[in-house]
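The values are calculated or read from the model by the stated rules, or taken from the named source; none is laboratory data. The structure presented is a predicted model; accordingly, all values stated were derived computationally and were not measured. Because the Cβ atoms are built from the backbone with ideal geometry, glycine has one as well, and the counts that use them run over all protein chains shown.
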Number of protein chains: 2
Amino acid sequence: MRDAAIPMTTVTLAHGAGGRASDDLLRRVILPALGTSTERALCDSAVFDSPGGRIAFTTDGFTVTPLFFPGSSIGRLAVFGTVNDLAMAGAIPHALSLAMVAEEGLAMNVMRRVLEDVGAASAEAGVRIVTGDTKVVGRGAVDKLFLTTSGIGVIGPGTPPLSPERARPGDAILVSGTVGDHGVAVLAARENLSFSPTVESDCAPLADLVQRLLAAAPGTRCLRDPTRGGIAATLNEFAHGSRAGIEVDEDTIPIRRPVRALCEILGLDPLYLANEGKLVAVVDALQADAALAALRCHPQGAEACILGRMTADHPGTVVIRTELGTHRIVEYPTGELLPRIC
Amino acid sequence: MRDAAIPMTTVTLAHGAGGRASDDLLRRVILPALGTSTERALCDSAVFDSPGGRIAFTTDGFTVTPLFFPGSSIGRLAVFGTVNDLAMAGAIPHALSLAMVAEEGLAMNVMRRVLEDVGAASAEAGVRIVTGDTKVVGRGAVDKLFLTTSGIGVIGPGTPPLSPERARPGDAILVSGTVGDHGVAVLAARENLSFSPTVESDCAPLADLVQRLLAAAPGTRCLRDPTRGGIAATLNEFAHGSRAGIEVDEDTIPIRRPVRALCEILGLDPLYLANEGKLVAVVDALQADAALAALRCHPQGAEACILGRMTADHPGTVVIRTELGTHRIVEYPTGELLPRIC
C-alpha cells in the first residue's frame, strides 16, 4: 500500500495534508528537484553545529508573477533574495529554509521546474536548503505558488559592522552595476512586451562580491540590495539612517539602453525599479577607488561605478544633479509601481 | 513630507512596495503590535551572537481559515507551530522570523489583531521575532493573510539525539493530552457549528514541557507534535522510521467528550485530526513512569497518558486494539480531511 503511486500531474489538497501524498511529494518531487537526498531532510527541523561567531538571520516572501521571466524565476529569486539579505549584513550564507504555499490544481511540472531552479540557485550560491514546509490551499486561495525563504549566515570576525548610521559626509556611494533590469524584465514578461535585445533579470547571488568588497574596503559603512522601491528607496534609507544628505550625478547612473527606452515610453523612473543582483555601498572616500576596483574585478560587479556621495548639506534628503545641471529631489517611493515584482 | 499620514484603515499594495507606506506600516502597526521597539528591527537581517553548540532551524507556512477561532488564531499558531517544531528537536527557541503575505483590502485592524497575537504568543513562549517581511498582493491573489515563521533554537549539550530510528520494540509511547481539539475547533468555527462546552484549540508552546520531559527521561527516543494528519500520521512516521511496529490501546486515547461526539456525527476519526499543543513521545520503557510524571506535573501535560508501545510484531505498521478487543490498522492518512487547518 505504501508504495502505491499517487498521481503526480497536478498539486492536490492531499499533497498538503501531512499524510502519504505529502510524503510522496517530498520524496518524489521536492527532494530530487532540490538535489537533496538525505533522510534527515524529512524532519521538521534541521539540526547542525552552530556556525559560531556572529550570525545573521533573515526571511523574505516571494509572490512574483509570472513565475518564470527572462533571466530568472521565482525559485532563483527566493534563493538569491535571501542570500543577498544575508550578504548585505556582511554574512556568508550557511543554511536556507523553503516554505511553499501552492494552489490546488497547479501543474506538478511547474512546481518541479521552480524547485529545480531553487536547487540550481542554491548550488550556485553555495548554500543548502536544509528544511522546508509545503501547504496546499484550494483554488483561488493563492495565485499559483508563493515561496518564503529564510536564511542563516555567518559573519566573519573581521567584518565591519554595517549600518547606515555609520555613513558620514564625504563617503562615496557605489552601485555594482546597471539599475532597473529586474523590474523591466518582469514587467515585459507580464505585459507581453517584447523588445530587442531582451532585458533579463539581474537576479544573482552577491555574497561572494560582498566578501571581495569588504576585503578591499574595510571602511565600508553599509550595504543594501535595492530590490522593491529600487535605488530611490535605498538611497533614501541611507540618507534617513545617516542623518546626512546624498548627492547623485544623474549621468553616472548605469542604465541599459532598452531599460531607459522602456522607461521613457511608459513614464517610469529607473531609480524606482527593482533590482535583484545589485548592491549599493557607502564606502569611506579614501577607499572608494579600491572598492570600485574590487567590484569591477568580479563578474557581478563588472559595471560598477561611483554614483555619488554623502554630504553635510540637506540632511535626510537625496538630491540628483541632472544632466542639464539642475537639481531635483529623489523622493522616497510612496505608491506601488509594479506589484508582485518579487 | 515624510510624516504625512498614510491612511491605515486597510492594507494597500503600497504597504508592500518597500517605500514610505511600507515603512509606515512597519513603524506604526507591525513593530508596536509585536512589542518590538528597536531600530535594528528595521534591517532586512537580524544580527546576533551565535548561540553556540548545536542549533535547530525550521520553517512553517500558515494558511488557516478562519484567521481567528476558539482558543487561538493564525498569529498564535504561527508562533507556537515553529516553537514546537524546534522543541521536537530538543531545542530551546532562540529567535523567530515572520513573513506575511496580505491581500489588498484586508482590514488593518485584522492585521493588527493577528500581529498582537504574534507578539503575545512570542512573549508567552519566551522568544523574540527578530526579523520579518511583508508582501501585499492584489485582491484574489491570496485569501486574506498567510504567515510563514522560521525559527532558530539551541540544543543543550546534554540533549539526547531525537529520531524515530532510535525507537525500539518495548519502548513506551506517550501523548501529552487530549487529541483532536484543534481540528474540531477550526472545523466548528469554519462551519458555524456550535456546541456546549465549546471546544477550543489546544494551541500552546511546548518547549518548556519538552525540557522537563528530557530531564526526567533522557531515554526519550523521539518526539513529534501531531499537527496535520493527527496522531495517525505521527505514529505511522514513528513505525516507518523505526522499522518496528506500534500497538495502541483505543481506550487509552484521551479525547474530549464533545470532540468524540462531533467525530461520531460527522464520521471523522479523531486520530486524524490536527493538534497544535500536544506531543507524542517514544520513551525507554524503564523511564515511562518518570516521563509520564514529568508531563503530568506541567500545565501543558496534565492529561498525559501512555498510549501504547513499540513492538517487534508487524514492523512499519500501527495497530490499534479496539475497546471490543479486535485489532485494526491505523493507516497513514491519504487524503485531505480538513484543508487549511494550520
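Within the stretch B:47-66, is there a residue that is away from every other protein chain (no Cβ under 13 Å) and either in contact (Cβ under 8 Å) with a residue 60 or more places away in the chain or of a type in the set (D, E, K, R) (or both)?
no
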Taking the criterion of being modelled with pLDDT of 95 or more and assigned to a helix (DSSP H, G or I), would at least one residue in the stretch B:188-196 satisfy it? no
Scanning the stretch A:41-71 for residues that are assigned to a strand (DSSP E or B), at pLDDT below 95 and of a type in the set (G, A, S) gives A:S45, A:A46
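Looking at A:G158, is it within 14 Å of chain B (Cβ to nearest Cβ), among the small types (G, A, S), touching a residue at least 12 places away in the same chain (Cβ under 8 Å) and not in a strand (DSSP E or B)? Walk me through it before giving the result.
Numbers: within 14 Å of chain B (Cβ to nearest Cβ): no; among the small types (G, A, S): yes; touching a residue at least 12 places away in the same chain (Cβ under 8 Å): yes; not in a strand (DSSP E or B): yes.
Against the criterion (within 14 Å of chain B (Cβ to nearest Cβ), among the small types (G, A, S), touching a residue at least 12 places away in the same chain (Cβ under 8 Å) and not in a strand (DSSP E or B)), A:G158 does not qualify.
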Conditions (1) under 21 Å from A:I55 (Cα atoms); (2) more than 11 Å from chain A (Cβ to nearest Cβ); (3) surrounded by fewer than 23 Cβ atoms within 10 Å (Cβ to Cβ): number failed by B:A95: (2)
In the list B:D143, B:D202, which residue meets the criterion of being in contact (Cβ under 8 Å) with a residue 12 or more places away in the chain and either under 18 Å from the mean Cα position of the chain (by Cα) or assigned by TED's automatic domain parsing to the domain that holds B:L279 (or both)? B:D202
Considering only the stretch B:109-154, how many residues are part of a strand (DSSP E or B) and either facing chain A (nearest Cβ under 7 Å) or surrounded by fewer than 24 Cβ atoms within 10 Å (Cβ to Cβ) (or both)? 15
Cβ-Cβ below 9 Å, separation at least six or inter-chain, first residue in the stretch A:222-233 and facing chain B (nearest Cβ under 8 Å), second in a strand (DSSP E or B) and aromatic (F, W, Y): which pairs? none
Out of the residues in the stretch B:299-319 that are in a strand (DSSP E or B) and touching a Gly at 6+ places or on another chain (Cβ under 8 Å), state the one that is farthest from B:G177 (Cα to Cα). B:T311
Here is a check on your reading of the model: is A:E103 among the charged types (D, E, K, R) and away from chain B (no Cβ under 12 Å)? no
So if I check each of B:A274, B:A281, which one is surrounded by 20 or more Cβ atoms within 10 Å (Cβ to Cβ), part of a loop (DSSP other than H, G, I, E, B) and either modelled with pLDDT under 95 or among the hydrophobic types (A, V, I, L, M, F, W, C) (or both)? B:A274
Please verify whether B:V79 is facing chain A (nearest Cβ under 8 Å) and among the β-branched types (V, I, T), treating the condition exactly as stated. no
Members of the stretch B:233-258 found to be buried (at least 22 other Cβ atoms within 10 Å of the Cβ) and closer than 21 Å to B:S72 by Cβ, listed by number: B:A233, B:T234
